[in-house]
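To keep things clear, I will list the structure first and then write my remarks on it.
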Ligand SMILES: Cc1ncc(C[n+]2csc(CCOP(=O)(O)OP(=O)(O)O)c2C)c(N)n1
Ligand SMILES: [Mg+2]
């Protein structure tokens, strides 16, 4: 009960009411309540300094609302930090992000798209132009000659799971309630944007006290519909070569105990996506590792033979399905257990719209007398063992053509040096590391592996490190970042130092884009424009000498402790010291731009020019046409 019924009102500005409202929201699942919005990230400018800024100061000084403020260095990265926090706590909490109007607001577009693509909640509060338009055009206002009601914040609409603009104070009431509904809905969640015109933020209103009361948002564990369950069970009972695909939904639902038990008992092998890795530990008897374009030979071989695929919390991205080539049988059928109907119906599946844990419990009960045959269990184990031998060989020092060391040797060293009793989380998002990590990384628990590979955003890594450390202070947070990603967005190192958050950053410096370089070569484009080199006066291209750039010195200038390594032995030594350190420490390691990478067993659809003056492109196009032949619609 609210205890504040009737006509009681409180006179506050819109921003003061919003701050008090946010500090009173809770989420609940399985009987555990937690603050839904434990704090706010921001960067002030005109558009939020006086409204939201004043409200946060007043809250801090009076104690009328508990909403700690964190100052970021870039609006994109503050959204990443908030989103990484939400991912770490399985979407039961997130942060709010306040920005000024104009560039501060549009800097959040990439972060919003990342959150919505990954189905992760984050609350964005961009400042907006005057609702009264009294001073138009204000600094940083876009004037649209055809639409009087458009502002740059409308760029956040297509990347937001919910968008509203609060043009009058009282509109905050329905807008804020709708925002909380979407943030806490596992099927609908993503970036939620409440655009706040700067004059409205500062305007006073008599708020019903009940609006500001403590409010609990119950996160459902939706059970499957009986008829849908019966259809799914019938399909699975007929399967002889089933394969389970564990996606992010299996982790966010905290369904790992049910998943491990179900897989062990039925013998259905479990392949994973980036977001699902760790739901089943790498050495579980049913684990066959990553699926798809950067998958293991074991998982991909089983996918090729699978007659029924049981997707649990997966969106079936092109990397997971190897662009719809990895499931090769013409009669392959799908059962998709997912909270979102959007995903449940994919690939003409038998949809099982339910929470992953509730759905697995129901399947386990209905299939209690069923399991795969012994031959299949033996084949699964043999394939998994084969890939474990491959992993050992690929990560072994000295395998590369170096010096410098191959990236896989460095990743192998990190995995080896963190394979102890302590909880660690590795973070990555873009470049050649996600593919190598997905194939090779041995995750012991569902929070050991934090790779954002839905939006694959360069620059996510270090910012995400802050969010993960804030959500899980006892974990060793290891941020793996390429030189390209580092150059795009590394300034949150300053924030880590300011907040006293200790993260280890492994800066893998290979002088350019190993990922896109290799992709370019395979597509006949000869690594054009993928190396960090100077303009060459002889060729006119960017293929001159190496650049006099020192990223380790850059990291030191931002306040981190820095250790440099050029060999695997030096790296191991530096990494151990970084782990033991109290402060944020960057280990800079030089690696080979040309790999080698883990062996590939699947395809990825990236179109090649159909006509070309270049032999390399013509050859690549022939191969591309062959690859396309294996692509299937799954209807
Ligand atoms: C914001 C953003 N821009 C562009 C890309 C496309 N892209 C993917 S990987 C990559 C290069 C990454 O370079 P680096 O971080 O050094 O990693 P490496 O490929 O060398 O492993 C680029 C440009 C992206 N994923 N994100
Ligand atoms: Mg690089």
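The values are calculated or read from the model by the stated rules, or taken from the named source; none is laboratory data. Computed from a predicted model, the values in this text were never measured in an experiment. Methodologically, a virtual Cβ is constructed for each residue, glycine included, from the backbone with ideal geometry; neighbour enumeration extends over all protein chains shown.
Filter segment 493-512 down to the residues that are more than 15 Å from ligand 1 (Cβ to nearest atom) and either more than 20 Å from the chain's Cα centre (by Cα) or part of a helix (DSSP H, G or I) (or both) and list them by number. Spell out how you get there, then give the answer.
We begin by selecting, within segment 493-512, every residue more than 15 Å from ligand 1 (Cβ to nearest atom); these are 493-504.
The answer is 493, 494, 495, 496, 497, 498, 499, 500, 501, 502.
Among the residues of segment 390-402, is there at least one that is part of a helix (DSSP H, G or I) and in contact with a strand residue (DSSP E or B) (Cβ under 9 Å, 6 or more places away or on another chain)?
To start, the set of residues in segment 390-402 that are part of a helix (DSSP H, G or I) comprises 390-395.
Now restrict to residues that are in contact with a strand residue (DSSP E or B) (Cβ under 9 Å, 6 or more places away or on another chain): 391.
There is at least one residue in segment 390-402 that is part of a helix (DSSP H, G or I) and in contact with a strand residue (DSSP E or B) (Cβ under 9 Å, 6 or more places away or on another chain).
If I filter segment 263-301 down to residues being in a helix (DSSP H, G or I) and touching a strand residue (DSSP E or B) at 6+ places or on another chain (Cβ under 8 Å), which single residue comes out as surrounded by the most Cβ atoms within 10 Å (Cβ to Cβ)? Walk me through it before giving the result.
From segment 263-301, those in a helix (DSSP H, G or I) are 263-266, 297-301; that's our starting set.
With the extra rule that they be touching a strand residue (DSSP E or B) at 6+ places or on another chain (Cβ under 8 Å), the set shrinks to 263, 298-299.
Values: 263: 24, 298: 27, 299: 29.
Among residues in segment 263-301 that are in a helix (DSSP H, G or I) and touching a strand residue (DSSP E or B) at 6+ places or on another chain (Cβ under 8 Å), the one surrounded by the most Cβ atoms within 10 Å (Cβ to Cβ) is 299.
Among the residues in segment 431-448, are any more than 16 Å from ligand 2 (Cβ to nearest atom), closer than 19 Å to residue 81 by Cβ and in a strand (DSSP E or B)?
Within segment 431-448, the subset more than 16 Å from ligand 2 (Cβ to nearest atom) is 438-448.
Cutting the leftovers down to closer than 19 Å to residue 81 by Cβ gives us 447.
When the remaining residues are screened for being in a strand (DSSP E or B), the result is none.
Taking every residue of segment 431-448 in turn, none turns out to be more than 16 Å from ligand 2 (Cβ to nearest atom), closer than 19 Å to residue 81 by Cβ and in a strand (DSSP E or B).
Quick one: in segment 577-589, which of the residues that are over 26 Å from the mean Cα position of the chain (by Cα) and not in a loop (DSSP other than H, G, I, E, B) is nearest to ligand 1 (Cβ to nearest atom)? If you could, list the steps in order and put the result at the bottom.
Let us first name the residues in segment 577-589 that are over 26 Å from the mean Cα position of the chain (by Cα), namely 577, 580-582.
Filter once more, so that each one left must be not in a loop (DSSP other than H, G, I, E, B): 577, 580.
Numbers: 577: 24, 580: 27 Å.
Within segment 577-589, the match that is nearest to ligand 1 (Cβ to nearest atom) is 577.
Can you name the condition, by its number, that residue 535 falls short on among (1) surrounded by fewer than 21 Cβ atoms within 10 Å (Cβ to Cβ); (2) away from ligand 2 (no atom under 15 Å from the Cβ); (3) closer than 22 Å to residue 438 by Cβ?
Of everything listed in (1) surrounded by fewer than 21 Cβ atoms within 10 Å (Cβ to Cβ); (2) away from ligand 2 (no atom under 15 Å from the Cβ); (3) closer than 22 Å to residue 438 by Cβ, residue 535 misses just condition (3).
Does any residue of segment 479-488 turn out to be in contact with a helix residue (DSSP H, G or I) (Cβ under 9 Å, 6 or more places away or on another chain) and away from ligand 2 (no atom under 13 Å from the Cβ)?
Within segment 479-488, one or more residues are in contact with a helix residue (DSSP H, G or I) (Cβ under 9 Å, 6 or more places away or on another chain) and away from ligand 2 (no atom under 13 Å from the Cβ).
Test each condition in (1) at negative phi; (2) more than 16 Å from ligand 1 (Cβ to nearest atom); (3) under 17 Å from the mean Cα position of the chain (by Cα) for residue 119 and report the one that comes out false.
(1)
Have a look at 228, 286, 209, 204 and point out the one that is in contact with a helix residue (DSSP H, G or I) (Cβ under 6 Å, 6 or more places away or on another chain) and in contact (Cβ under 8 Å) with a residue 60 or more places away in the chain.
Numbers: 228 fails: in contact with a helix residue (DSSP H, G or I) (Cβ under 6 Å, 6 or more places away or on another chain); 209 fails: in contact with a helix residue (DSSP H, G or I) (Cβ under 6 Å, 6 or more places away or on another chain); 204 fails: in contact with a helix residue (DSSP H, G or I) (Cβ under 6 Å, 6 or more places away or on another chain).
Testing whether each residue is in contact with a helix residue (DSSP H, G or I) (Cβ under 6 Å, 6 or more places away or on another chain) and in contact (Cβ under 8 Å) with a residue 60 or more places away in the chain leaves just 286.
Can you list residue pairs whose Cβ atoms sit under 7 Å apart, with the first residue in segment 159-180 being free of Cβ contacts under 8 Å to residues at least 24 places away in the same chain and the second being not in a strand (DSSP E or B)? Count only pairs 6 or more apart in sequence or on different chains.
Here the result reads 175/166, each pair linking segment 159-180 to a residue that is not in a strand (DSSP E or B).
Among the candidates 515, 485, 490, 520, which residue alone is without any contact (Cβ under 8 Å) to a residue 40 or more places away in the chain and outside any strand (DSSP E or B)? Full working, then the answer.
Numbers: 515 fails: without any contact (Cβ under 8 Å) to a residue 40 or more places away in the chain; 485 fails: without any contact (Cβ under 8 Å) to a residue 40 or more places away in the chain; 490 fails: without any contact (Cβ under 8 Å) to a residue 40 or more places away in the chain.
When all the criteria are applied, what remains is 520.
Does segment 422-429 contain any residue that is more than 16 Å from ligand 2 (Cβ to nearest atom), within 18 Å of the chain's Cα centre (by Cα), surrounded by fewer than 24 Cβ atoms within 10 Å (Cβ to Cβ) and not in a helix (DSSP H, G or I)?
Yes.
Residues of segment 246-281 being under 21 Å from residue 222 (Cβ atoms), more than 15 Å from the chain's Cα centre (by Cα) and in contact (Cβ under 8 Å) with a residue 60 or more places away in the chain, which ones? Quick ask: steps written out before the conclusion?
As a first pass, look at segment 246-281 and keep what is under 21 Å from residue 222 (Cβ atoms): 246-259, 261-262, 275-276, 279.
So of that shortlist, the ones also more than 15 Å from the chain's Cα centre (by Cα) come out as 246, 253-259, 261-262, 279.
246, 253, 254, 255, 256, 258, 259, 261, 262, 279 - these are the residues of segment 246-281 that are under 21 Å from residue 222 (Cβ atoms), more than 15 Å from the chain's Cα centre (by Cα) and in contact (Cβ under 8 Å) with a residue 60 or more places away in the chain.
Keeping to segment 467-478, report how many residues are touching a strand residue (DSSP E or B) at 6+ places or on another chain (Cβ under 8 Å) and either within 11 Å of ligand 2 (Cβ to nearest atom) or not in a helix (DSSP H, G or I) (or both).
The number of residues fulfilling the criteria is 5.
Does segment 303-311 contain any residue that is buried (at least 23 other Cβ atoms within 10 Å of the Cβ), closer than 25 Å to residue 185 by Cβ, at pLDDT 95 or above and under 22 Å from the mean Cα position of the chain (by Cα)? Steps first, answer last, please.
Pass one, segment 303-311, residues buried (at least 23 other Cβ atoms within 10 Å of the Cβ): 303, 306, 308-311.
Next cut, closer than 25 Å to residue 185 by Cβ only: 310-311.
Next cut, at pLDDT 95 or above only: 310-311.
Now drop any that are not under 22 Å from the mean Cα position of the chain (by Cα), which leaves 311.
Yes, because at least one residue in segment 303-311 is buried (at least 23 other Cβ atoms within 10 Å of the Cβ), closer than 25 Å to residue 185 by Cβ, at pLDDT 95 or above and under 22 Å from the mean Cα position of the chain (by Cα).
Taking segment 604-634 on its own, how many of its residues are closer than 30 Å to residue 307 by Cβ and part of a helix (DSSP H, G or I)? Reasoning before the result, please.
The first filter runs over segment 604-634 and keeps only residues closer than 30 Å to residue 307 by Cβ, leaving 604-606, 623-634.
Narrowing the set further to residues that are part of a helix (DSSP H, G or I) leaves 623-629.
Selection size over segment 604-634: 7.
If I go through segment 403-415 residue by residue, how many of them are without any contact (Cβ under 8 Å) to a residue 40 or more places away in the chain and touching a strand residue (DSSP E or B) at 6+ places or on another chain (Cβ under 9 Å)? Spell out how you get there, then give the answer.
To start, the set of residues in segment 403-415 that are without any contact (Cβ under 8 Å) to a residue 40 or more places away in the chain comprises 412, 415.
Add one more test, that the residue is touching a strand residue (DSSP E or B) at 6+ places or on another chain (Cβ under 9 Å), and what stays is 415.
Here the count works out to 1.
Select from segment 513-529 the residues that are more than 10 Å from ligand 1 (Cβ to nearest atom) and on the phi < 0 side of the Ramachandran plot and list them in ascending order.
Selection gives 520, 521, 522, 523, 525, 528.
Restricting to segment 530-552, name every residue that is touching a residue at least 40 places away in the same chain (Cβ under 8 Å) and within 13 Å of ligand 1 (Cβ to nearest atom).
We begin by selecting, within segment 530-552, every residue touching a residue at least 40 places away in the same chain (Cβ under 8 Å); these are 531-532, 551-552.
531, 532, 551 - these are the residues of segment 530-552 that are touching a residue at least 40 places away in the same chain (Cβ under 8 Å) and within 13 Å of ligand 1 (Cβ to nearest atom).
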